[in-house]
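The values are calculated or read from the model by the stated rules, or taken from the named source; none is laboratory data. Fair warning: this is a prediction, and the values are worked out from it, not measured in the lab. As a convention, Cβ positions derive from the backbone with ideal geometry for all residues, glycine included, and neighbour counts pool all protein chains shown. Heads up: the accessible areas ignore ligands, DNA and RNA and are worked out on the full protein's heavy atoms, side chains in. Shrake-Rupley method; radii C 1.70, N 1.55, O 1.52, S 1.80 Å.
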Amino acid sequence: MDTPPQSPDPTLLLPRDSYYQLIHTLRAALPPPVIDSPEDLARRDNAAIAHVASLLPATADEASVAAQLVAANAAAMDCLRLAQEHRGDPKLFLKSNAMAISMMRQAQTARTLLQRVQAERQRLAADGAATDKATWTEYCAIWLMTDALGGARPAAVAEPPPPAAQPQAEEPVADPNAEAEQYAILHPQLAAHIYALGGLPETVMPGLDPTINPPAPELVQAIITGNSPALRALDTSARQQSG
C-alpha cells in the first residue's frame with residue numbers, strides 16, 4: 001500500500017512565511033525610492049533587507065521589532081529630506097524637522113526593545129531546561145493556531161508543475177521523526193511516559209484519555225530516539241513525572 005505523502009511541518013514553513021509577510025509589510029511602510037524606477041526600488045528594498053539582517057534577528061518576534069526600527073529610521077531620514085526641501089517655509093520646515101525627531105526616537109525605542117529581547121533569548125539559551133521548555137511552548141502554540149485555521153498543518157505554497165516531458169517526482173517518504181514530534185505535541189503525557197520507559201507502558205496510565213490510540217512500533221522508536229528540540233523536551237517532562 002502506498003504511503004500517503006507527509007504534510008509539511010508548520011515549524012519549518014512558518015518562519016519562511018513570517019519573513020515573507022514581514023518584508024512585504026516593511027516595503028509598504030518605506031518612503032519611495034530616490035528615483036521612481038524598478039532599479040532604485042530594488043536598491044531600496046535590498047538596503048532595508050540588509051539593515052534588518054544586520055540587527056541579527058533570530059526569531060519572528062525579533063525580526064518584527066527589527067523591521068519597526070528600520071521603518072522608523074527610514075521615515076526619520078525622509079522627514080529630514082522634506083525639511084531641507086522646505087527651508088524657505090519656516091512652518092513646513094519646523095513640522096518636518098519635528099517629525100524627523102519623533103521618528104528617530106521611535107527608532108531608538110525599537111532598538112532598545114530589540115536588544116532587551118535578544119538579551120532574554122541569550123539568557124534562556126544558557127539554560128538548557130528553560131530552552132527546552134520555551135521550544136515546547138512555541139511548538140504547541142504553532143500547532144494549536146494552525147489547527148484552529150482548519151487543519152493540523154498549514155498548506156505549503158504550491159510549486160509550479162514540472163514540464164510534461166519530465167518524469168513526475170516521487171512522493172516523499174513519511175518522516176518518522178516528524179510524526180514523533182506531532183504525536184508528542186498532541187499527546188505530551190503519553191509521549192513522555194513512553195520516553196521514560198523506553199517503550200509502551202504495559203498498563204493503562206491513570207487519567208489518560210482511553211480514546212488515544214497507542215503509536216505504532218516505529219513511531220515508539222522515533223519518540224525514544226528522536227533528537228529534535230520538541231522530543232528532547234520529553235526528557236524534562238519525563239523527569240518531572242518520575243519526580
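Annotations for the structure displayed:
- Residue within region 177-195 that is surrounded by 10 or more Cβ atoms within 10 Å (Cβ to Cβ) and at pLDDT below 60 present: no
- Selection status of A76, modelled with pLDDT of 95 or more and part of a helix (DSSP H, G or I): yes
- Within region 96-104, the presence of at least one residue that is of a type in the set (S, T, Y), surrounded by fewer than 18 Cβ atoms within 10 Å (Cβ to Cβ), at pLDDT 95 or above and out of contact with any strand residue (DSSP E or B) (no Cβ under 9 Å at 6 or more places or on another chain) is confirmed.
- Some residue of region 20-28 being assigned to a helix (DSSP H, G or I), at pLDDT 95 or above and under 14 Å from A107 (Cβ atoms): yes
- Of the residues making up region 130-154, those that are open to solvent by less than 50 Å² (accessible area, probe 1.4 Å) and over 18 Å from the mean Cα position of the chain (by Cα) number 2.
The rows are residues; the columns are (1) of a type in the set (F, W, Y); (2) touching a residue at least 40 places away in the same chain (Cβ under 8 Å); (3) open to solvent by less than 60 Å² (accessible area, probe 1.4 Å).
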position: R44; (1), (2), (3): no, no, yes
position: L56; (1), (2), (3): no, yes, no
position: D61; (1), (2), (3): no, yes, no
position: Q115; (1), (2), (3): no, no, no
position: E120; (1), (2), (3): no, no, no
